[in-house]
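The values are calculated or read from the model by the stated rules, or taken from the named source; none is laboratory data. The model shown is predicted, which means the values in this text are computed figures rather than measured ones. Neighbour counts run over all protein chains shown; Cβ positions are idealised from the backbone, glycine included.
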Amino acid sequence: MHDSAGILLTLFIIFVAAQIGGEIAQRLRLPSVVGEIAAGCAVGPSALGWVTLPDIATGTPLDVLAEIGVILLLFSVGLETRLDDLKKVGTSAFLVGVLGVVIPFALGSLWAHGSGFDWIRSMFVAAAFVATSAGITARVLQELGVLQRREARIILGAAVIDDILAMLLLGVVSSLQGGGAVDVGSLVGTLLGAIGFVAVIGWGGARVMRRGSGWLDKPSNPMSPLAIVLALCLGLAFLSMKFHLAAIIGAFLAGMIASETSQRHQLEEQTAPLLAFLTPFFFVVTGAKVNLAELGNASALWMLAVVTVIAIVSKLAGGFLGAITLGKRGATIVGFGMVPRGEVGVVIASLGLAAGVFDERIYAVIVAMSLLTAMITPPVLALLLRDRHASTDKP
């Protein structure tokens, strides 16, 4: 049984720290997500220790709130994204998604092998370089009000493809690490299932909602449309995980389906308070997971610097090459939008540590790299987007 008073105190500390960190970041002309992640590092076990490691590790209730927060965030992003808009950038999104997996995986494998790992373990380490954290980039795009931009739509579409490919890649390297043969038939079936899920839910759901959204207004309770689409969000998040995809993919698809309704703007207004309360938990908890003690020597810091540079350059290259038709500035925006690893890299690092693939120092380096990319990207992305916006406003 959990200590209710202790849990409430922890939630209070996290929420207040998020507000302070976000406010400081915005006063420095940085996205608030940077301040929230930094606040997590400050109140976490590696600094002030106000949020203790057992609280973070058990997943009750912090990880639950963090997961709900990022699910709602991607749902709200989906509300501002129309299926027809994604179709227009389908080719570019596919190229960005594929190159954004292949290049980081290749460079990550080469670095790990050069650091002394055999090739199988190197591929497991490299898997942590692959998956983009859509939640972090989506928050920045939403804060800047640029979700309707072509670059934003490519990033969001590529994030879905990125997640499918990352899931398959992790399945392959996990099988190799366990000493077993890769079941090609199972992987193909998983791939087809994931693609089918995204296609049927995204395309079919949007068409159904476009034709029959009036039934959302039939219940007498004025909050019923919100309750119904939130149920859809949670249901699709659950189904997404059953198809071996991240829950946020299902949440994004639910939002995209709901964006086809006539109540779209009403739903955006009603979800805003939920986002203001729950989303900060995800970013603070993400920041609190870094263990600074494992990075307290020169060799670890050098390794972290190298890994972070590889992580940034490889994703930037994949996104840039995939979106080169947008021009250099647009392709750079897309490339940086794909850089954050965030919670995805943390999860893969945790799996590697539990499986004995690498030690706690490598684990700390990978987690710190994930958080650094999450903190470095938002201000760069905001600067690029503001400059682009300013240049397009000139007569």
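So residue 48 fits all but one of (1) surrounded by fewer than 24 Cβ atoms within 10 Å (Cβ to Cβ); (2) out of contact with any Phe, Trp or Tyr (no Cβ under 8 Å at 6 or more places or on another chain); (3) of a type outside the set (Val, Ile, Thr); (4) farther than 20 Å from residue 281 by Cβ; what number is the exception?
Against the list (1) surrounded by fewer than 24 Cβ atoms within 10 Å (Cβ to Cβ); (2) out of contact with any Phe, Trp or Tyr (no Cβ under 8 Å at 6 or more places or on another chain); (3) of a type outside the set (Val, Ile, Thr); (4) farther than 20 Å from residue 281 by Cβ, residue 48 comes up short only on (4).
Name the residue that is nearest to the chain's Cα centre (by Cα), counting only residues in segment 250-271 that are closer than 13 Å to residue 228 by Cα and among the hydroxyl-bearing types (Ser, Thr, Tyr).
Once the filter is applied, the top-ranked residue is 271.
For segment 262-303, enumerate the residues that are polar (S, T, N, Q), crowded, with 22+ Cβ neighbours inside 10 Å and at pLDDT below 85.
If the condition is that a residue be polar (S, T, N, Q), crowded, with 22+ Cβ neighbours inside 10 Å and at pLDDT below 85, then 286 is the only one that fits.
Test residue 35 against the criterion of being at pLDDT 90 or above, part of a helix (DSSP H, G or I), of a type outside the set (A, V, I, L, M) and within 21 Å of residue 340 (Cα to Cα), and give yes or no.
Taking the combined requirement at face value, the residue does not satisfy it.
With within 30 Å of residue 199 (Cα to Cα) and part of a helix (DSSP H, G or I) as the only criterion, which of 286, 261, 279, 308 stands out?
After applying the criteria, what remains is 279.
In segment 335-363, which residues are modelled with pLDDT of 75 or more, surrounded by 24 or more Cβ atoms within 10 Å (Cβ to Cβ) and under 22 Å from residue 282 (Cβ atoms)?
Once the filter is applied, which keeps residues that are modelled with pLDDT of 75 or more, surrounded by 24 or more Cβ atoms within 10 Å (Cβ to Cβ) and under 22 Å from residue 282 (Cβ atoms), segment 335-363 yields 336, 337, 338, 339, 340, 341.
Looking at (1) modelled with pLDDT of 90 or more; (2) over 22 Å from residue 368 (Cβ atoms); (3) of a type in the set (Gly, Ala, Ser), which one does residue 76 not meet, given that it meets all the others?
(1)
Quick one: count up the residues across segment 238-250 that are part of a helix (DSSP H, G or I) and either modelled with pLDDT under 90 or β-branched (Val, Ile, Thr) (or both).
Residues in segment 238-250 being part of a helix (DSSP H, G or I) and either modelled with pLDDT under 90 or β-branched (Val, Ile, Thr) (or both): 8 in total.
For residue 331, state whether it is among the hydrophobic types (A, V, I, L, M, F, W, C), in contact with a helix residue (DSSP H, G or I) (Cβ under 9 Å, 6 or more places away or on another chain) and modelled with pLDDT under 80.
So residue 331 does not fit the description; no.
Do we have any residue at all in segment 52-62 that's modelled with pLDDT of 85 or more and in a helix (DSSP H, G or I)?
no
Between 124, 94, which is within 21 Å of the chain's Cα centre (by Cα), at pLDDT 85 or above and either buried (at least 19 other Cβ atoms within 10 Å of the Cβ) or not acidic (Asp, Glu) (or both)?
94
With the structure loaded, tell me whether residue 139 is charged (D, E, K, R), surrounded by fewer than 24 Cβ atoms within 10 Å (Cβ to Cβ) and assigned to a helix (DSSP H, G or I) or whether it fails that test. Walk me through how you get there before you give the answer.
Numbers: charged (D, E, K, R): yes; surrounded by fewer than 24 Cβ atoms within 10 Å (Cβ to Cβ): no; assigned to a helix (DSSP H, G or I): yes.
No.
Write out, first by first residue and then by second, each pair whose Cβ atoms fall under 7 Å of each other, whose residues are 6+ apart or on separate chains, and whose first residue, in segment 364-382, is without any contact (Cβ under 8 Å) to a residue 12 or more places away in the chain while the second is among the basic types (Lys, Arg) and surrounded by 24 or more Cβ atoms within 10 Å (Cβ to Cβ).
Every condition considered, no pair remains.
Looking only at segment 24-41, count every residue that is surrounded by fewer than 23 Cβ atoms within 10 Å (Cβ to Cβ), under 22 Å from the mean Cα position of the chain (by Cα) and without any contact (Cβ under 8 Å) to a residue 60 or more places away in the chain and tell me the total.
Number of matching residues: 2.
Looking at segment 309-340 only, could you name the residues that are within 18 Å of residue 134 (Cα to Cα) and among the hydroxyl-bearing types (Ser, Thr, Tyr)?
314, 332
If I filter segment 286-307 for residues that are among the aliphatic types (A, V, I, L, M), under 19 Å from the mean Cα position of the chain (by Cα) and farther than 26 Å from residue 162 by Cα, do I get at least one hit?
No, every residue in segment 286-307 fails to be among the aliphatic types (A, V, I, L, M), under 19 Å from the mean Cα position of the chain (by Cα) and farther than 26 Å from residue 162 by Cα.
Quick check on my filter: what residues within segment 254-313 are of a type in the set (Ser, Thr, Tyr) and without any contact (Cβ under 8 Å) to a residue 12 or more places away in the chain?
The answer is 299, and nothing else.
Between a first residue in segment 100-113 that is surrounded by 20 or more Cβ atoms within 10 Å (Cβ to Cβ) and a second residue that is acidic (Asp, Glu) and part of a helix (DSSP H, G or I), which pairs have beta carbons less than 8 Å apart while being 6 or more apart in sequence or on different chains?
Pairs found: 100/162; 101/162.
For segment 178-231, which residues satisfy the criterion of being of a type in the set (Ser, Thr, Tyr), at pLDDT below 75 and farther than 30 Å from residue 356 by Cα?
213, 220 - these are the residues of segment 178-231 that are of a type in the set (Ser, Thr, Tyr), at pLDDT below 75 and farther than 30 Å from residue 356 by Cα.
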